[in-house]
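Read through the structure below, which is laid out as structure tokens, and then see the notes.
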Amino acid sequence: MASIGSTLGTGGGIRIRRVDPHDAMPLATMISDSFLAFNQSVNIPPHVDGFTLETSRDLMKHFTSTPTMYGVVAVEESSGALMAGGFMYPGDVYAIGPVFADNAFKGRGAGKAVMVALIEKVRSENAKSIRLCQVAANPISFGLYASLGFVPVECWMDLEGNVTTEEASSANRSCGFSPVTGVDVRRMEEADVKCCNELHKKTMGFDREQRIRMDIPNGAAWVAVRAGEIIAYTTGFILSGHTVAESEEVLAFMFTEVCHKTENASVPKNLHVPGRLYPRLLQWAIAAKLKMMRSCWLMVIGSYLSPQSGMVYCPSIEG
């Protein structure tokens, strides 16, 4: 495997180095152009909070300046041009993503070089597992990840839209969901993080406290509380958000409440549903008139547990 700082002989020479804040703007252009070209090639609409140039600039500024993020870039040795980039969140389980390459350098092995460097870093830390999510419509990236040892463990559907009270009630009847009462949905606060992390550990078997805490400042994170106890949370019904709930009914209720309580209610929300695990939730989402946008694979190297204790888990694009 390629070491950080090593040179890979992949047609012209590729050097891998750590990302720095000066890379933010060129990486923003690269990721925006890369995902736009892919979406157009397979006729998939862009994600509502996905990689526009504006959102990519904010994302890359954040990623390149956040100490807890680990990122690398592939550089063409002959020209010094950035060819590809990739990031991951550390922890008991490392979450890789996004990984992307400049359209001008596609097919040169730069994306693979970035992936190899990230995987090597994780293995040097003796983490339990590495995870990523892959858009099912992209057989090239699926093949790359599989060749590097990733195993597909779950397919989930990305649904988009907003749900009215009337649509939610109709969908509840259609799916046989029981009414949820006595539950308050409010924005997540710092004091909620440890309780939310305990829910995550109960469900998925590993710690995610640091990642949960990161999403509070952007205002996308919410909790559902019954009798003073947090029974569900989401780090956002957005591309990078994951959700844990005690039942499918509670998750559907929280999604509906967040649609109502969000300041800009016209912006579509995203619900990521592993349909094999939660067929009633998928049925509810379709009955509530959410639009199916894409399907994704959760892929893993190392240990993986399906959601435990009867809990519901909806992954983020990071896994």
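Estimated purely from DSSP H runs of n ≥ 4, each contributing -39500 (n - 2.57), the mean residue ellipticity at 222 nm for the chain is -10500 deg cm²/dmol once divided by its residues. For segment 54-92 and segment 252-304, write down the distance between their C-alpha centroids in whole Å. Taking the Cα centre of segment 252-304 as reference, the centre of segment 54-92 is 28 Å away.
About the centre of its Cα atoms, segment 190-293 shows a dipole size close to 380 debye [charges on the beta carbon of Lys, Arg (+1) and Asp, Glu (-1) only; nearest 20 debye].
Rounded is the label for segment 36-155, because a/c, from the alpha-carbon gyration tensor with a ≥ b ≥ c as root eigenvalues, stays below 1.5.
Ranking Leu132, Asn270, Pro26 by Cα position along the charge dipole of the chain, where only Lys, Arg, Asp and Glu carry charges on their C-beta atoms, puts Leu132 farthest toward the positive end. For segment 201-206, the Karplus equation 6.51 cos²θ - 1.76 cosθ + 1.60, evaluated at θ = phi - 60°, returns couplings of 5, 4, 7, 10, x, 8 Hz by residue, with Gly and Pro reported as x. Each of Asp158, Asp184 has some number of other Cβ atoms within 10 Å of its Cβ, and from fewest to most they run Asp184, Asp158.
Taking amide H positions as modeled 1.01 Å from N, with prolines and chain starts lacking one, the residues under 5 Å from Val19 and 5 or more places away or on another chain are Gly71, Val72, Val73.
Sequence-distant contacts, meaning Cα pairs under 8 Å at least 6 residues apart, place the relative contact order of the chain at 21 percent.
Electrostatic tally near Val135: other residues with Cβ closer than 11 Å to its Cβ, Lys and Arg +1, Asp and Glu -1, net 0. Taking the chain as a Gaussian network of alpha-carbon nodes connected by springs under 10 Å, the highest mean-square fluctuation of the residues Ser129, Ser65, Ser56 belongs to Ser65.
Using only side-chain charges placed at the Cβ, +1 for Lys and Arg and -1 for Asp and Glu, the dipole size of the chain relative to its Cα centre rounds to 600 debye.
Rule-based calculations on the coordinates, nothing more; no lab input. Computed from a prediction, not measured in an experiment: that's the story for all the values here. Neighbour counts are summed over all protein chains in view; Cβ atoms, including those assigned to glycine, are modelled from backbone coordinates with ideal geometry.
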